[in-house]
1. Using modelled amide H (1.01 Å from N, peptide plane; none on Pro or chain starts), what sits under 5 Å from the amide H of residue 211, excluding residues fewer than 5 places away?
2. Roughly how large, in nm² to one decimal, is the mean projection of the convex hull of the alpha-carbon atoms in segment 133-198?
3. Need the full-extension length gain, residue 198 to residue 310, defined as separation in residues times 0.36 nm minus the C-alpha distance. One decimal, nm.
4. Report the accessible area of residue 128, computed with a 1.4 Å probe over the heavy atoms of all protein chains in place, in Å² rounded to the nearest 10.
5. What nm distance separates the two modelled labels at residue 210 and residue 106, each placed 7 Å from Cα along Cα→Cβ?
6. Ignoring everything but the protein chains, give the 1.4 Å probe accessible area of residue 221 in square angstrom, nearest 10.
7. Nearest 20 debye, what's the magnitude of the dipole of the chain about its Cα centre given +1 on Lys and Arg Cβ and -1 on Asp and Glu Cβ?
8. Is segment 1-47 rounded, prolate or oblate when judged by the Cα gyration tensor, a ≥ b ≥ c being the square roots of its eigenvalues, rounded requiring a/c under 1.5 and prolate requiring a/b larger than b/c?
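The values are calculated or read from the model by the stated rules, or taken from the named source; none is laboratory data. This one's a predicted model, so the numbers in the text were calculated from it and none came from an experiment. Because the Cβ atoms are built from the backbone with ideal geometry, glycine has one as well, and the counts that use them run over all protein chains shown. Each accessible area value is taken on the protein alone, full model and side chains, heavy atoms only, with ligands, DNA and RNA left out. Shrake-Rupley method; radii C 1.70, N 1.55, O 1.52, S 1.80 Å.
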Amino acid sequence: MNYILFDGTVRNALLPFTFTRPVADIRIGILTIREKWEKYLGSTTTTLTEEYLSEKFPMVEMEENIMINASFLPNDILSEMVKNLEINQAIFKGNEVIAFFTQETQEEVDFDTYEIIEFEEECLTVEHTWDIFAKNDAALREDFELLTEDRTSQPIPKSVNVIAPENVFIEQGAKLEFVTLNASTGPIYIGKNAEIMEGSVIRGPFALCESGRVKLASKVYGATTVGPHSVIGGEVSNSVLFGYSNKGHDGFLGNSVLGEWCNLGADTNNSNLKNNYEEVKLWSYETESFDKTGLQFCGLMMGDHSKSGINTMFNTGTVVGVSTNIFGSGFPRNFVPSFSWGGASGFTTYITKKAFETARIVMARRQVEFSAQDEKILTHVFEATKQYRKD
């Protein structure tokens, strides 16, 4: 069967992260949503997404296809229901479609003509940016079970101080010595060729993905995910780094999400709790206003290719767009549009030529090419976000 993941109705609510990727390629837990579905289905997937993203994330359509709403995370029950779908059947949860069987010859899909199968079980969904960290605990535990079932961990080095070693899984090539792992509060997954440096203290649930690094004497609280080739240091709590991002120095990052190719300068800190302890509001591209999150703890949402200088301070509930460069003293405002250059004293436009030069250099350091596709996507984001920049 041919499986196609589509963005669904939540795409705009997940900006700025979906400016540069389909919903399916958001990382939550250990894996991206796409990687989860592919493991459960035993099949590759393609993507139906925004037109400007489709060159990098293409859709392959065949005579018979099952379309899957990428905002729903798979589990055993749901994935079996999806695999067993037949022509003119659709799975719904409430008013939201999860998956449906379609044929290439169909010009449009009319669910009134479909047999509707109600999914009445529980499953994780990603509907808001803050869900990525708020639901990371549950997603990480599910991914840990999925990835480690019927497998044997590499041995835990003798110098490691470990609590609940049965909840620790170490992949081949990982390095860790003289660190403390407390997996009694949740599983700890250490990916292939990852490294945890001496003196670090980590409390699960925690995932360090392939080739990720935890620097000397770091303090990490669950539920935290450090994506592939990402680096953390200092103090990190309940945060998700998608991949290729750096928070390599002292400073606090809490209840936050960083996209790819982000860098936080030394002693960058974010607030995750308001001084009056009130509910945090967060900028929404969907409503173009600050929306209630229902959360008391909510930190920084930072889109791909954004950077902060040393000693940058982010207020509670700050949204930073794509390709921003933030520096200087004081707190920048709680919503920083894409391609902004500056800080608390004001912003100008970060012109694409300079932004692309930086991206090219940063990516080359990790032996990754800044492709023509990447440039087209970021150019589109630059044009689409002009309305938010004041200069």
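1. 192, 193, 194, 229
2. Working: hull surface 18.1 nm².
Average of the hull's projected areas for segment 133-198 equals 4.5 nm².
3. Working: separation 112, 0.36 × 112 = 40.32 nm, distance 2.42 nm.
Between residue 198 and residue 310, full extension yields an extra 37.9 nm.
4. Estimated to the nearest 10 Å², residue 128 gives 70 Å².
5. Placing both labels 7 Å beyond Cα along the Cβ direction yields 3.4 nm.
6. 100
7. Working: 34 positive and 54 negative charges, 520 e Å.
Result for the chain is approximately 2500 debye, rounded to the nearest 20.
8. Details: a/c = 2.69, a/b = 1.57, b/c = 1.71.
Here segment 1-47 falls in the oblate category.
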